[in-house]
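To start, the structure under review is shown below, and the notes come after it.
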Amino acid sequence: MNQFPGVIGRKIGMTQLFLEDGSVVPCTVVESNVIVVGKRTQEKDGYDAVILGSGERKEKHTSKALAGAFKKAGVEPRRTLRELRCQADFAASVEVGAALKVDQLFEAGQFVDVQGTTKGRGFTGVMRRHHFAGNVRTHGTHEYRRHGGSIGTNMTPGRVKKGMKMPGQHGNKTRSVLNQKIVKVVPEQNLILIHGGIPGARNGLVFVRGAVKRHGGKAS
Amino acid sequence: MASATLSIIQALESAQLRKDLPEFRVGDTVAVHYKIVEGDKLRVQVFKGVVIKRHRAGLQSTFTVRKVSFNIGVERMFLQNSPRIEKLEVVSRGVVRRGRLYYLRDLTGKAARIQDEKDR
């Protein structure tokens with residue numbers, strides 16, 4: 001399980017950055033504004049985690065139960081809450097109510113994993129969804145140009161195989177990209193510039209944390 | 001929300017814009033002093049020719065310079081805001097009636113000349 005520290009962020013959009021040697025890197029800008037709303041501890045809950053909150057939540061959208069939890073933590077109500085499983089020493093190093101700055105957690109050159117919700121494309125046919133080739137346009141093809149073709153055999157096995165690629169909902173799924181490099185961290189505006197693309201539309205919610213396959217992704 | 005998003009990107013990009021280059025237009029003859037890394041040595045190469053295209057797109061702006069070298073036309077595209085451009089000199093100002101001078105590719109010799117602004 002990924003136990004490396006991370007943040008909740010908002011995807012701002014893409015731009016490019018000139019490095020010192022003149023090479024150009026495409027990068028995605030992520031803005032992060034998180035505070036620690038609570039903690040889970042080994043003794044009480046059986047595991048260690050910090051609860052992060054981000055964004056503004058209006059009072060009328062806050063249930064009394066939630067409002068009580070926020071009041072106990074001594075923070076303004078937050079729109080997005082997310083538990084972040086972490087090591088005990090990281091949980092001990094942050095305080096409830098404190099803001100998590102991006103430069104505390106990330107550094108340029110570090111590898112991160114980014115989770116987000118991909119752009120929804122609705123109910124989509126097989127050509128667009130699975131890149132099927134479709135059928136020939138001419139030679140008398142009648143109402144069968146964008147179809148998927150056969151989906152299996154007849155008596156044996158007498159059913160459609162599981163996982164058969166067919167039309168359906170495309171996009172609007174939680175997806176992660178792993179091992180993306182951080183190009184730059186701007187602590188004044190709480191921005192992270194990540195090399196390459198990340199899932200989701202602009203203003204979409206993303207989660208950035210140390211790369212699980214690279215031991216947190218830091219150079220040392 | 002959307003405008004705030006845009007302004008963050010704009011701020012990041014405007015900080016990288018190069019404002020030290022002189023103004024130049026399509027049709028001008030320019031000399032681009034371009035830094036090239038060869039192995040571990042850095043040297044400056046000068047590429048001199050006619051600007052045949054300017055792609056104005058903020059930070060991503062580019063321009064294309066064409067020259068004829070040993071009877072072979074050479075075109076090179078430069079990123080306008082690249083730190084690899086050490087210096088840009090405008091050698092002469094040309095008078096042209098097009099924004100993109102692709103017609104120069106089909107012309108050679110005397111026909112491929114561009115009228116100088118001073119000779120008007």
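The values are calculated or read from the model by the stated rules, or taken from the named source; none is laboratory data. Everything quoted here is computed from the prediction, not taken from an experiment. Neighbour counts are summed over all protein chains in view; Cβ atoms, including those assigned to glycine, are modelled from backbone coordinates with ideal geometry. Please note that ligands, DNA and RNA were not included when accessible areas were found on the heavy atoms of the full protein model with its side chains. Shrake-Rupley method; radii C 1.70, N 1.55, O 1.52, S 1.80 Å.
Under the condition of being in a loop (DSSP other than H, G, I, E, B), over 17 Å from A:Lys184 (Cβ atoms) and facing chain A (nearest Cβ under 10 Å), the residues counted in the range B:3-20 number 1. The residue that is nearest to the chain's Cα centre (by Cα), among those in the range A:27-57 that are exposed (fewer than 13 other Cβ atoms within 10 Å of the Cβ) and in contact (Cβ under 8 Å) with a residue 12 or more places away in the chain, is A:Glu56.
Taken over the range A:149-194, the residue count meeting the criterion of being polar (S, T, N, Q), touching a residue at least 60 places away in the same chain (Cβ under 8 Å) and over 29 Å from A:Arg128 (Cβ atoms) is 2. Of all residues in the range A:99-154, those being surrounded by fewer than 16 Cβ atoms within 10 Å (Cβ to Cβ) and part of a strand (DSSP E or B) number 4. When you look at A:Arg175, is it farther than 28 Å from B:Leu12 by Cα and either outside the structural domain of A:Glu83 (by TED's automatic domain parsing) or not acidic (Asp, Glu) (or both), yes or no? No, not satisfied. In a residue-by-residue description of the range B:29-40, the property of being more than 24 Å from A:Gly22 (Cα to Cα), free of Cβ contacts under 8 Å to residues at least 40 places away in the same chain, of a type outside the set (Ser, Thr, Tyr) and open to solvent by 40 Å² or more (accessible area, probe 1.4 Å) applies to no position. Condition first: over 25 Å from A:Asn2 (Cα atoms), surrounded by fewer than 16 Cβ atoms within 10 Å (Cβ to Cβ) and either in contact with a strand residue (DSSP E or B) (Cβ under 6 Å, 6 or more places away or on another chain) or assigned by TED's automatic domain parsing to the domain that holds A:Val24 (or both). Can you find one or more residues in the range A:184-205 that meet it? Checked the range A:184-205: at least one residue is over 25 Å from A:Asn2 (Cα atoms), surrounded by fewer than 16 Cβ atoms within 10 Å (Cβ to Cβ) and either in contact with a strand residue (DSSP E or B) (Cβ under 6 Å, 6 or more places away or on another chain) or assigned by TED's automatic domain parsing to the domain that holds A:Val24 (or both). Restricted to strands (runs of 3 or more DSSP E) entirely inside the range A:1-68, those with at least 1 residues that are facing chain B (nearest Cβ under 10 Å) are A:6-18, A:24-32. From the list B:Leu79, B:Leu21, B:Leu12, B:Leu59, the lone residue that is in contact with a helix residue (DSSP H, G or I) (Cβ under 7 Å, 6 or more places away or on another chain) and either closer than 25 Å to A:Asp21 by Cα or modelled with pLDDT of 95 or more (or both) is B:Leu59. Taken over the range B:41-62, the residue count meeting the criterion of being open to solvent by less than 50 Å² (accessible area, probe 1.4 Å) and free of Cβ contacts under 8 Å to residues at least 24 places away in the same chain is 3. Looking across the range B:86-120, the residues that are hydrophobic (A, V, I, L, M, F, W, C) and either open to solvent by 90 Å² or more (accessible area, probe 1.4 Å) or in a strand (DSSP E or B) (or both) come down to B:Leu88, B:Val90, B:Val91, B:Val95. Only a single item in (1) at pLDDT 85 or above; (2) open to solvent by less than 20 Å² (accessible area, probe 1.4 Å) is not met by A:Gly22, and it is number (1).
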